[in-house]
Amino acid sequence: MLWSNALSNGNLSYILHGYKMPGSKTMHIRVAAAALATFASLVGGGASAQPSSDGKGAAAALAVVRDICLPVLKGAKIEAVAKTTGLRNGRDGWVLPIAGKRHIEISPPGGSNPHICSATVIHDPAAGPSILGALRQWASTRSPPLQPTKTELAATGPLYRLTTSSWEGATDGGNLALVYSEDKTPDGRPVAGKLDQATLTLALTPATS
């Protein structure tokens with residue numbers, strides 16, 4: 001029986017006990033450990049089912065758009081939203097923790113920007129593509145879908161390199177625009193120590209009558 005077939009069929013007992021492979025006891029233990037990890041990733045549960053660091057970043061960025069910024073732009077109080085999202089109001093303002101030093105700093109609408117909710121995303125360098133993918137999927141599954149207006153458009157200056165994607169469309173509440181921009185040094189290095197930094201903006205402009 002092939003390993004892939006055994007794993008996909010859930011026949012872990014066969015893999016660990018029924019297959020007699022040559023080698024030392026140490027080899028058998030290593031093979032068993034690998035089989036357990038692979039099996040867990042296929043059927044769910046265990047350590048392998050926990051979100052990866054890049055997955056956590058994508059989930060947090062999506063939560064900012066869907067569960068924090070959009071409700072607040074529609075009139076919800078950020079204090080009420082914070083109770084259900086894990087958002088914290090600290091010395092540096094509203095912050096959504098991700099893990100370790102990774103977090104999202106949120107600037108809710110107000111004052112001169114009543115229709116804009118913006119955020120600074122501090123994330124693992126590996127998380128950029130998954131964050132972008134999650135936002136792209138959210139925009140495309142809106143009803144009606146938001147249309148892409150920029151797709152990883154690069155702009156470089158003396159001190160920065162920005163890569164921006166954006167989506168926009170009409171909704172019942174007005175015109176909705178989502179912008180995600182990764183910020184790096186001109187030679188592509190992270191700007192927040194060993195972590196990457198991005199800007200996330202959601203704007204809801206009321207329709208004019």
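Is it fair to say ILE122 is touching a Lys or Arg at 6+ places or on another chain (Cβ under 7 Å), surrounded by 15 or more Cβ atoms within 10 Å (Cβ to Cβ) and touching a residue at least 12 places away in the same chain (Cβ under 8 Å)?
Criteria met by ILE122.
With respect to the numbered conditions (1) under 11 Å from VAL64 (Cβ atoms); (2) in contact with a Cys (Cβ under 8 Å, 6 or more places away or on another chain); (3) not aromatic (Phe, Trp, Tyr), which one is the sole condition not fulfilled by ILE131?
Only one criterion is unmet by ILE131, namely (2).
Please work out which residue is farthest from SER112 (Cα to Cα), limiting yourself to the stretch 172-209 and to residues that are in contact with a strand residue (DSSP E or B) (Cβ under 6 Å, 6 or more places away or on another chain) and among the polar types (S, T, N, Q).
Filtering the stretch 172-209 for residues that are in contact with a strand residue (DSSP E or B) (Cβ under 6 Å, 6 or more places away or on another chain) and among the polar types (S, T, N, Q), the one farthest from SER112 (Cα to Cα) comes out as GLN197.
Here is a yes/no grid of residues against (1) assigned to a strand (DSSP E or B); (2) of a type outside the set (A, V, I, L, M); (3) closer than 26 Å to ALA99 by Cα; (4) in contact with an Asp or Glu (Cβ under 8 Å, 6 or more places away or on another chain):
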site: SER130; (1), (2), (3), (4): no, yes, yes, yes
site: THR164; (1), (2), (3), (4): yes, yes, yes, yes
site: GLY169; (1), (2), (3), (4): yes, yes, no, no
site: VAL179; (1), (2), (3), (4): yes, no, yes, no
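Condition first: in contact with a helix residue (DSSP H, G or I) (Cβ under 7 Å, 6 or more places away or on another chain), in a helix (DSSP H, G or I) and surrounded by 16 or more Cβ atoms within 10 Å (Cβ to Cβ). Now tell me which residues in the stretch 63-101 satisfy that.
ALA63, VAL65, ASP67, ILE68, PRO71, VAL72, ILE78, VAL81, THR85
Please tell me if GLY169 is under 22 Å from ALA61 (Cα atoms), in the same structural domain as ARG136 (by TED's automatic domain parsing) and out of contact with any strand residue (DSSP E or B) (no Cβ under 7 Å at 6 or more places or on another chain).
no
The values are calculated or read from the model by the stated rules, or taken from the named source; none is laboratory data. In this text, all values refer to a predicted model and were calculated from it rather than measured experimentally. Glycine gets a Cβ as well: all are built from the backbone with ideal geometry, and neighbour counts include every protein chain shown.
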